[in-house]
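To keep things clear, I will list the structure first and then write my remarks on it.
The values are calculated or read from the model by the stated rules, or taken from the named source; none is laboratory data. The structure displayed is predicted, hence computed values, not measured ones. All Cβ positions, even for glycine, are placed from backbone atoms using ideal geometry, and neighbour counts span all protein chains on display.
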Amino acid sequence: MTPASSRPAGPRWAVALVTGASSGIGAAFARRLAAAGSDLVVVARRRDRLEELAGELATAHGVHVETLVADLTDADQLALVVARLADADRPVDLLVNNAGAGGHGAYASLAVDDVEAMIRLNLLAPVRLTSAALPGMVARGGGGIVNVSSISGEQPIPFVATYAATKAFLTSLSESLHEEARDKGVTVTAVLPGFTRSEFHDRADMGRSIPKPFWITADEVAAAALEAVARGQAISVPRFSYRVLVALARHAPRGLVRRVAGMVGRRT
Ligand SMILES: NC(=O)c1ccc[n+]([C@@H]2O[C@H](COP(=O)([O-])OP(=O)(O)OC[C@H]3O[C@@H](n4cnc5c(N)ncnc54)[C@H](OP(=O)(O)O)[C@@H]3O)[C@@H](O)[C@H]2O)c1
């Protein structure tokens, strides 16, 4: 692949693969990338949603959109996405690891199978997909990986413990890989959204008590993330108020942060 700096005019990313593209932040990524001229591979479980999106984007922007129906918690279905990313004849130059799910409750009351499913989706799937995509990007001398993490990963959150832990892992992994890959022409960027309007909170039965001014849009998240990866940034925290919150979580005494996070976690 031609390095980004000397690539002829055209979309910054020729082909992007977006997981969790059937709603929310993933659909916003797909729409922005298609509008910029990127061909897409869109991944999720709901075939009808993916096909509807593919039709919309192909008609509006003349891009090619492949749909890949897969439950990323299932090893065999995840392997289909791995195979697509590792296919050297059809290189993907931007991977957006976006699919994820939340959940809450006192850890002692949770079924361990549900805990494990969240870890498989939020953590092991991005790990496998990154391992499938990164070597080819490094060999071609260019590419990008966006990992949609969360401000929830910046501190432990009692009652949202597993979700917070998966996102802490994802942010840490992304930052390390950013340093490993930056001189190979590959940018790895962690995106840390705050409360974002999508289907996420309804699915997880969370977030109803969060005041209106805290909410941001999925498009705002996708726009900030794509700008960050284009600029070669390691981390993107959309919205100034959330950047302040992240700075507080990083610098305030850990015990205090845990207690406040626990109060928020219990309320959500
Ligand atoms: N919304 C927020 O406030 C917020 C804040 C911080 C971070 N995030 C992160 O943002 C990412 C996107 O979430 P969202 O807010 O856009 O939520 P969303 O609207 O619920 O979208 C989640 C996406 O993931 C897909 N997905 C869920 N389970 C899957 C599975 N087992 N296999 C394959 N795909 C699966 C869903 O599609 P199907 O159901 O069709 O499979 C959907 O496309 C997540 O990683 C989330 O942790 C969200």
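Tabulated data
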item: Residue within region 64-72 that is out of contact with any helix residue (DSSP H, G or I) (no Cβ under 8 Å at 6 or more places or on another chain) and either within 14 Å of the ligand (Cβ to nearest atom) or under 20 Å from A133 (Cβ atoms) (or both) present; result: no
item: Helices (runs of 4 or more DSSP H) contained entirely in region 159-268, each with at least 2 residues that are among the aliphatic types (A, V, I, L, M) and at pLDDT below 95; result: 240-251, 254-267
item: Residue satisfying all of: in region 145-179; among the charged types (D, E, K, R) and crowded, with 21+ Cβ neighbours inside 10 Å; nearest to A261 (Cα to Cα) among these; result: E154
item: Options R182, R140; residue that is among the charged types (D, E, K, R), within 21 Å of L33 (Cβ to Cβ), surrounded by fewer than 18 Cβ atoms within 10 Å (Cβ to Cβ) and more than 12 Å from the ligand (Cβ to nearest atom); result: R140
item: Region 135-176, residues that are closer than 23 Å to A27 by Cα, over 13 Å from the mean Cα position of the chain (by Cα) and not small (G, A, S); result: Y163
item: Test: residue in region 199-215 that is within 18 Å of E175 (Cβ to Cβ), among the aliphatic types (A, V, I, L, M) and surrounded by fewer than 16 Cβ atoms within 10 Å (Cβ to Cβ); result: no
item: Filter result for the condition that a residue is crowded, with 17+ Cβ neighbours inside 10 Å and away from the ligand (no atom under 11 Å from the Cβ), over V112, V96, V82, V127; result: V82
item: Condition check for D89: within 11 Å of the ligand (Cβ to nearest atom), closer than 22 Å to A16 by Cβ and surrounded by fewer than 19 Cβ atoms within 10 Å (Cβ to Cβ); result: no
item: Of all residues making up region 231-268, the number that are within 29 Å of R182 (Cα to Cα), crowded, with 16+ Cβ neighbours inside 10 Å and either touching a residue at least 60 places away in the same chain (Cβ under 8 Å) or aromatic (F, W, Y) (or both); result: 7
item: Filtered residue count, region 1-31, keeping only those that are at pLDDT below 95, assigned to a loop (DSSP other than H, G, I, E, B) and buried (at least 16 other Cβ atoms within 10 Å of the Cβ); result: 2
